[in-house]
Amino acid sequence: MHSNRSVYSTAVATRQSHQRAQARRALCSLWLATGTAFVALQRLDEAGSAVAEALAAWPESPEALTMRGQLAAAEGQHVMALNEFHAAVALEANNIRAAVALACVEHELGRRDVALGLLKNITRAHGWCDPEAWYWLGRLEHELALECDSDARTQMLRRALKYSSYALELESSQPVRPFSILRP
């Protein structure tokens, strides 16, 4: 039997629903700022509670998932951290913080080849201007160079120095506020 429902009767996002979504995102941002303050005070339990509130406000927040992953990594819960960082990157492929943190956890787990690949991809793409990504790439390249024979070692050490120098250059030239806040 045919239904009398029209395909045009689907729900349309209204101004109110858009405003509610903005309010949830703003509430999430406030909880994340609170969590960041607790991390600075080394009160990780309270930071975890703040992140839980942020995720309750906006469950699909890549920033909140990244912070929860960072807290898990700080507590040595590497598998949980990996899951959180993967979820954040899945929601926002250009989330540099989550991608760099993912590479760092991979490094801590001894999967340096995975970490190196992630960092090379990050720095060649949307993270080309991120000093932390370049720092970790230089650090990892240096560690790997120390395990190589003398021919490869020299090239790898030069790359490590180049990556680390670029990280310092980027860090010293960072604006007070990121350019990403400028929108046409």
Alpha carbon centroid spacing (whole Å) that separates the stretch 39-102 from the stretch 144-170 = 30
Classify the stretch 7-113 as rounded, prolate or oblate, taking a ≥ b ≥ c as the square roots of the eigenvalues of its Cα gyration tensor: rounded when a/c is under 1.5, otherwise prolate if a/b is larger than b/c and oblate if not.
-> oblate
Accessible area per residue in Å² at 1.4 Å probe, computed on the stretch 88-129 = 49
Work out the charge dipole of the chain with +1 on the Cβ of Lys and Arg and -1 on the Cβ of Asp and Glu about the Cα centre, then indicate which of TYR135, THR154, PHE85 is farthest towards its positive end.
-> PHE85
Does the stretch 40-90 come out rounded, prolate or oblate, given a ≥ b ≥ c as the square roots of the eigenvalues of its C-alpha gyration tensor, rounded meaning a/c under 1.5 and, failing that, prolate meaning a/b above b/c?
-> oblate
How large, in Å, is the chain by the Kirkwood hydrodynamic radius built from its alpha-carbon pairs?
-> 18.8
Any idea what the dipole of the chain comes to, in debye rounded to 20, about its Cα centre with Lys/Arg Cβ at +1 and Asp/Glu Cβ at -1?
-> 860
Length-normalised contact order for the stretch 49-130 - Cα pairs under 8 Å, 6+ apart - percent | 22
What does the helix-only formula give at 222 nm for the chain: each DSSP H stretch with n ≥ 4 adding -39500 (n - 2.57), the total divided by the residues, and the result rounded to the nearest 500 deg cm²/dmol?
-> -23500 deg cm²/dmol
Burial order of peptide ranges 110-120, 96-106 (average beta-carbon count within 10 Å, highest first) = 96-106, 110-120
When the scattering of the stretch 99-184 is computed by the Debye formula from its Cα atoms alone, each counted once and equally, what is log10 I(q)/I(0) at q = 0.12, 0.19, 0.24 Å⁻¹?
-> -0.38, -0.84, -1.15
P(r) weight above 14 Å for the stretch 78-145, C-alpha pairs, percent | 52
If you bin the C-alpha pair distances of the stretch 116-156 every 10 Å from 0, what whole percents do you get?
-> 32, 44, 22, 1
Per-peptide average of other Cβ atoms within 10 Å, ordering 54-64, 124-134, 19-29 highest first | 54-64, 124-134, 19-29
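The values are calculated or read from the model by the stated rules, or taken from the named source; none is laboratory data. Because the structure is a prediction, the values reported are computed rather than measured. When we count neighbours, we look across all protein chains shown, and the Cβ atoms used for this are built from the backbone with ideal geometry, even at glycine. What goes into the accessible areas is simple: the full protein's heavy atoms, side chains included, and nothing from ligands, DNA or RNA. Shrake-Rupley method; radii C 1.70, N 1.55, O 1.52, S 1.80 Å.
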